[in-house]
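Right, one structure below, let's go through it.
The values are calculated or read from the model by the stated rules, or taken from the named source; none is laboratory data. All values reported here derive from a predicted model rather than from experimental measurement. Cβ placement follows ideal geometry from the backbone for every residue including glycine, while neighbour counts extend to all protein chains displayed.
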Amino acid sequence: MQKNKEKKYKAQGVIGTIIFHVMVLVFLLMFGLSTIKKEEEGILVNLGDSKIGWGKQEPKTSPAPAANPKPVKTPPSVSKPQKTEKTKEQIKTQDYDEAPEVKSEEQKRKEEEERKRKLEEARIQAEKERLRKIEEEKQRKLEEERKRKEEEERKKQEEAKAINNKVSSVFGKSTGSSTSEGDTKGSGNQGYVTGDPNSKNRSGSGQGKNGDGYQLAGRSLVGAFPKPQYDIQESGIVVVKIKVDRNGYVVGAEYQLKGSTTQNSQLVSAAIKAAKQAKFNKDPNAPAFVYGTITYHFELD
């Protein structure tokens with residue numbers, strides 16, 4: 001702001017000086033530079049005391065001067081206007097450029113502080129912008145991760161639903177709207193949690209002859225029934241859901257909560273390991289994979 005005022009004042013001073021000089025020059029041309037008229041030269045007259053006389057030699061005695069000689073009129077001298085000196089003085093006093101303003105140390109210090117303040121504000125603003133972009137990128141990645149997990153969960157649910165549908169079709173579960181099944185007149189699904197859904201026997205423990213067993217529609221066990229190996233004193237029932245290919249090999253096994261009465265990690269691990277060793281008959285005409293269960297009853301020694 002100070003610099004703009006200085007430039008404005010300098011421009012006004014230059015314009016004022018030019019206008020003043022032009023006015024002075026016009027004034028001098030009109031009044032102060034007029035030429036003095038040259039006086040006419042007179043004719044020298046012989047010394048005498050009369051308008052008449054004769055002879056070529058001057059008389060010895062000087063003639064008496066005339067009583068009242070007429071004064072010779074001399075033309076008045078032309079003097080320059082008095083305003084000229086004043087005008088010259090004004091011209092002399094105005095004939096200089098305005099000196100540049102010298103900044104004080106206080107002004108310099110304030111300007112330097114202002115410059116540093118603006119630089120600091122610009123740095124802070126740039127840092128805020130950088131942090132904002134980092135936060136936006138972080139939120140974007142979190143949102144992508146959340147969507148990815150949701151998609152994985154959705155796929156898992158769809159796979160689980162498809163597996164349950166296949167198992168239901170293998171075990172002959174009804175997909176109707178019935179909420180009760182059995183021979184008694186009460187409501188509910190008559191049977192035992194470890195029983196066979198295809199069995200028509202609705203009473204008993206559901207353990208079969210030996211307590212352990214498998215369910216795999218249309219397939220039969222080849223070889224001995226695999227027994228789990230464990231060395232802890234725990235009891236309970238573990239149901240393992242198995243996935244069998246056309247060659248009769250168990251290609252997948254996992255713990256099934258339904259029908260199981262324990263979640264002991266050692267018993268579950270031993271049951272899954274044993275279930276994977278099971279071998280069933282080959283069936284080239286069977287689906288690529290069939291699903292069933294193997295049930296293990298763990299008892300205290």
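Please find, within segment 244-282, the residue that is surrounded by the most Cβ atoms within 10 Å (Cβ to Cβ) out of those that are closer than 15 Å to ASP212 by Cα and hydrophobic (A, V, I, L, M, F, W, C). Only one residue tops the list, namely ALA271. Within segment 135-183, restricting attention to residues that are surrounded by 10 or more Cβ atoms within 10 Å (Cβ to Cβ) and hydroxyl-bearing (Ser, Thr, Tyr), the residue that is modelled with the highest pLDDT is SER180. Taking (1) surrounded by 16 or more Cβ atoms within 10 Å (Cβ to Cβ); (2) basic (Lys, Arg); (3) in a loop (DSSP other than H, G, I, E, B) in turn, LYS241 satisfies each apart from (3).
In summary, TYR214 fulfils each of the numbered conditions (1) part of a strand (DSSP E or B); (2) at pLDDT 95 or above with the single exception of condition (2).
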